[in-house]
Amino acid sequence: MCRRCYKLKELSPNEIILWFRNVDRSLLIQGWQDQGFITPANLVFVYLLCREAVTDDIDSEYELQATFLTCLYLAYSYMGNEISYPLKPFLVETNKELFWERSLKVIDKMSAKMLQINSDPHFFTEVFQDLKNEGESKETNGKWTNNLDR
């Protein structure tokens, strides 16, 4: 994500990881889930959504966090063990309409792939390999990045 969001010079991969862990921890503490959501299969699903939703025109960390948390909410809703999840841990803005508009855009664009990743082992393996390749990419300055480019 750091490479995709090149306008965000101060963005650290650790911040994105922290957003994910904070949501997961919050839901565990509040009793919304019995076990953590962060598993390899769920990470692949989040990656699938983020690589389409996170674009290079994002120009603020706030906008990136809102987009990422929207994808995370959709992943929890689709892949999580619970019937529903509270919105609050996934919101950065007070206007819920913005959140739902982003959600519908992602769903509209990605619903077929969201179904395919759970029904087609070959597609899951492709996306998983893409994610592994992203993790292995390294910038020339030696800094590890979370890259969403295909």
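The values are calculated or read from the model by the stated rules, or taken from the named source; none is laboratory data. Quick caveat, the model's predicted, so the values are computed rather than measured. Note that we place each Cβ from the backbone using ideal geometry, even for glycine, and neighbour counts take in every protein chain shown.
Before moving on, here are some points about what is shown:
- Residue check for Leu104: among the aliphatic types (A, V, I, L, M) and either at pLDDT below 95 or in contact with a helix residue (DSSP H, G or I) (Cβ under 9 Å, 6 or more places away or on another chain) (or both): no
- Residues that are of a type in the set (A, V, I, L, M) and surrounded by 13 or more Cβ atoms within 10 Å (Cβ to Cβ) within the range 23-47 comprise Val23, Leu27, Leu28, Ile38, Leu43, Val44, Val46, listed in sequence order.
- Subset tally (residues that are in a loop (DSSP other than H, G, I, E, B) and of a type in the set (S, T, N, Q)) for the range 24-78: 6
- Filter pass, Thr70 being touching a helix residue (DSSP H, G or I) at 6+ places or on another chain (Cβ under 7 Å) and closer than 20 Å to Glu101 by Cβ: yes
- Matching residues, the range 84-128, being of a type in the set (Ser, Thr, Tyr), surrounded by 11 or more Cβ atoms within 10 Å (Cβ to Cβ) and not in a loop (DSSP other than H, G, I, E, B): Ser103, Ser111, Thr125
- Restricting the range 47-65 to residues that are among the hydrophobic types (A, V, I, L, M, F, W, C) and at pLDDT below 95, the residue that is nearest to Phe124 (Cα to Cα) is Cys50.
- The numbered conditions (1) assigned to a helix (DSSP H, G or I); (2) farther than 13 Å from Glu52 by Cα are all true for Asn81 except (1).
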